[in-house]
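What follows is a single structure, written as structure tokens, with notes after it.
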Amino acid sequence: MKVIYDVAKYQKKIKNSIKKYGHFAEHNYLHYLYNETKWDKNILFDFGNDKILLAQLYEKNKVWSLFPNGILSPEDERLDLLLEATNYILKKQKAKKFIVEVSENLRKNILNKFKIKNSFRVCNYTYILYWPLYNMDLWDSKLKGGKWKKLRNVRNRFYKNNEVRVKDSKNVSKGELKRILSTWLKKRGTNDRVDKDYYFNLIDNNFKGIDMAKTLYVNGKPCTITAGWKIPNSNNYYSSIGILDYSYPGLGEVANIDDLNRLKRQGYNYVDFGGSDKVLLYFKNKFKPEKIYKTYTFSIVRR
């Protein structure tokens, strides 16, 4: 195992691994790079043969974390590679804890593995994220029938009362995009510096690494940013970014309806709307996901 601290020099290695073993929504090379800030440094664990683990180090307090489901290898090797990285982080680096976010199945395997006596202990999870998946065969672009009545009424009212057009976000001025982002951050009341840096990085790099980025103009004013990419080794799409300035009621619904219609036309099987808490999940449920999967975030520590 090789531990690499200068990740940007290993673009080809990471891209090759994602192409070969990518399986999760957040497996995107530039997405990983955009998440690096002056506080969080990206660290790469290289196990050879395109098998890697994507991690981050919060240097201020020396807390390590696994990039979400960031073990890129054959499925039956992921647990052992995680254990090898954990050994390096907690024993060699003497970190207090290693924070991981993994899918439900992998968490069960980790719990079973750590039941066997070893040097580490798995803590209770700190939170769960809920990830809704939308089957494009079941998504009705016309929103017909009683099932879609509420959403149809929101859409119809919005288009009746406003002039709406859609533009590629890459062709919207960075100043306008940052205005939308700043308004969104204020409305969310977040102090999440990582979020701010990530989104500003994305805008400053003109959405490089993104497959689709759209902005809704309402009455001549840009109001939304929605963006995402194809999930590797699938015909599914990850709607990673959903930002709006809250200037009109129904704006969020209309932006997502536009995206889902567009993605259905492009032939995707499923659209993943990303992880959220139960409050945000309530909004996402308006679009009738076929299923919802979960990721768990928890810490591994020395005994």
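The values are calculated or read from the model by the stated rules, or taken from the named source; none is laboratory data. Predicted, not measured: the structure shown is a model, and the values here were computed from it. As a convention, Cβ positions derive from the backbone with ideal geometry for all residues, glycine included, and neighbour counts pool all protein chains shown.
Only one of S234, S239 is closer than 26 Å to K149 by Cβ, touching a residue at least 24 places away in the same chain (Cβ under 8 Å) and among the hydroxyl-bearing types (S, T, Y); which?
On the way: S234 fails: closer than 26 Å to K149 by Cβ.
Unique residue meeting the criteria: S239.
Counting only residues that are of a type in the set (S, T, N, Q) and out of contact with any Asp or Glu (no Cβ under 7 Å at 6 or more places or on another chain), which one in the stretch 15-51 is nearest to A227 (Cα to Cα)?
Only one residue tops the list, namely N28.
Based on this model, can you work out whether A85 counts as part of a strand (DSSP E or B) and not aromatic (F, W, Y)?
Details: part of a strand (DSSP E or B): no; not aromatic (F, W, Y): yes.
Criteria not met by A85.
Does at least one position in the stretch 98-115 carry a residue that is in contact (Cβ under 8 Å) with a residue 12 or more places away in the chain, among the polar types (S, T, N, Q) and either part of a loop (DSSP other than H, G, I, E, B) or assigned by TED's automatic domain parsing to the domain that holds A255 (or both)?
no
Among the candidates K187, K214, single out the residue that is crowded, with 16+ Cβ neighbours inside 10 Å, within 23 Å of P132 (Cβ to Cβ) and among the charged types (D, E, K, R).
On the way: K187 fails: crowded, with 16+ Cβ neighbours inside 10 Å.
Exactly one of K187, K214 is crowded, with 16+ Cβ neighbours inside 10 Å, within 23 Å of P132 (Cβ to Cβ) and among the charged types (D, E, K, R), namely K214.
Out of the residues in the stretch 87-107 that are within 25 Å of L280 (Cβ to Cβ) and out of contact with any Lys or Arg (no Cβ under 6 Å at 6 or more places or on another chain), which is surrounded by the most Cβ atoms within 10 Å (Cβ to Cβ)? Before the answer, list the steps.
Start the filter on the stretch 87-107 by keeping residues that are within 25 Å of L280 (Cβ to Cβ), which leaves 99-107.
In the following step, the residues that additionally are out of contact with any Lys or Arg (no Cβ under 6 Å at 6 or more places or on another chain) were identified as 99-103, 105-107.
Working: I99: 18, V100: 28, E101: 22, V102: 23, S103: 17, N105: 10, L106: 19, R107: 20.
Top of the filtered list is V100.
Go through the stretch 1-37 residue by residue and tally those that are among the charged types (D, E, K, R) and under 20 Å from the mean Cα position of the chain (by Cα). Steps first, answer last, please.
Here is the first cut: in the stretch 1-37, the residues among the charged types (D, E, K, R) are 2, 6, 9, 12-13, 15, 19-20, 26, 36.
Filter once more, so that each one left must be under 20 Å from the mean Cα position of the chain (by Cα): 15, 19-20, 26, 36.
Result for the stretch 1-37: 5.
For the stretch 8-20, how many residues meet the condition of being under 17 Å from F45 (Cβ atoms) and either in a loop (DSSP other than H, G, I, E, B) or in contact (Cβ under 8 Å) with a residue 40 or more places away in the chain (or both)? Talk me through it step by step, then tell me what you get.
Applying the first criterion (under 17 Å from F45 (Cβ atoms)) to the stretch 8-20 yields 8-18, 20.
Okay, now just the ones that are also either in a loop (DSSP other than H, G, I, E, B) or in contact (Cβ under 8 Å) with a residue 40 or more places away in the chain (or both), so 14, 17-18, 20.
Final tally of qualifying residues: 4.
Would you check if there is a residue in the stretch 140-159 being among the hydroxyl-bearing types (S, T, Y) and in contact with a helix residue (DSSP H, G or I) (Cβ under 6 Å, 6 or more places away or on another chain)?
Yes, there is a match, as at least one residue in the stretch 140-159 is among the hydroxyl-bearing types (S, T, Y) and in contact with a helix residue (DSSP H, G or I) (Cβ under 6 Å, 6 or more places away or on another chain).
Considering every residue within the stretch 21-43, establish whether at least one is under 19 Å from S299 (Cβ atoms), without any contact (Cβ under 8 Å) to a residue 24 or more places away in the chain and assigned by TED's automatic domain parsing to the domain that holds K97.
Checked against the condition, which is being under 19 Å from S299 (Cβ atoms), without any contact (Cβ under 8 Å) to a residue 24 or more places away in the chain and assigned by TED's automatic domain parsing to the domain that holds K97, the stretch 21-43 yields no hits at all.
Does E26 fit the bill of being assigned to a loop (DSSP other than H, G, I, E, B) and buried (at least 21 other Cβ atoms within 10 Å of the Cβ)?
On the way: assigned to a loop (DSSP other than H, G, I, E, B): yes; buried (at least 21 other Cβ atoms within 10 Å of the Cβ): yes.
Criteria met by E26.
Just to be sure before I move on: is G209 surrounded by fewer than 13 Cβ atoms within 10 Å (Cβ to Cβ) and of a type in the set (G, A, S) in the structure I sent? Walk me through how you get there before you give the answer.
Numbers: surrounded by fewer than 13 Cβ atoms within 10 Å (Cβ to Cβ): no; of a type in the set (G, A, S): yes.
So G209 fails the test.
Select from the stretch 265-303 the residues that are modelled with pLDDT of 95 or more and β-branched (V, I, T) and write down the one among them that is nearest to W131 (Cα to Cα).
Step one: list which residues in the stretch 265-303 are modelled with pLDDT of 95 or more, which gives 265-275, 281-301.
Checking the rest, the ones that are also β-branched (V, I, T) come to 271, 292, 295, 297, 300-301.
Values: V271: 10, I292: 5, T295: 8, T297: 14, I300: 23, V301: 27 Å.
Checked the stretch 265-303; the qualifying residue nearest to W131 (Cα to Cα) is I292.
Could you tell me which numbered condition N261 fails, if it satisfies all but one of (1) out of contact with any Lys or Arg (no Cβ under 8 Å at 6 or more places or on another chain); (2) assigned to a strand (DSSP E or B); (3) within 20 Å of R152 (Cα to Cα)?
All conditions pass for N261, except number (2).
Under 7 Å between Cβ atoms, which residue pairs at least 6 apart in sequence (or on different chains) link something in the stretch 173-189 that is within 16 Å of L280 (Cα to Cα) with a partner that is part of a helix (DSSP H, G or I)?
L185/K196
Yes or no: the stretch 161-168 includes at least one residue that is more than 25 Å from Q56 (Cβ to Cβ), touching a Lys or Arg at 6+ places or on another chain (Cβ under 7 Å) and loosely packed, with under 12 Cβ neighbours inside 10 Å.
yes
Which condition breaks for E163 when tested against (1) of a type outside the set (F, W, Y); (2) touching a residue at least 40 places away in the same chain (Cβ under 8 Å); (3) touching a helix residue (DSSP H, G or I) at 6+ places or on another chain (Cβ under 6 Å)?
All conditions are met except number (3).
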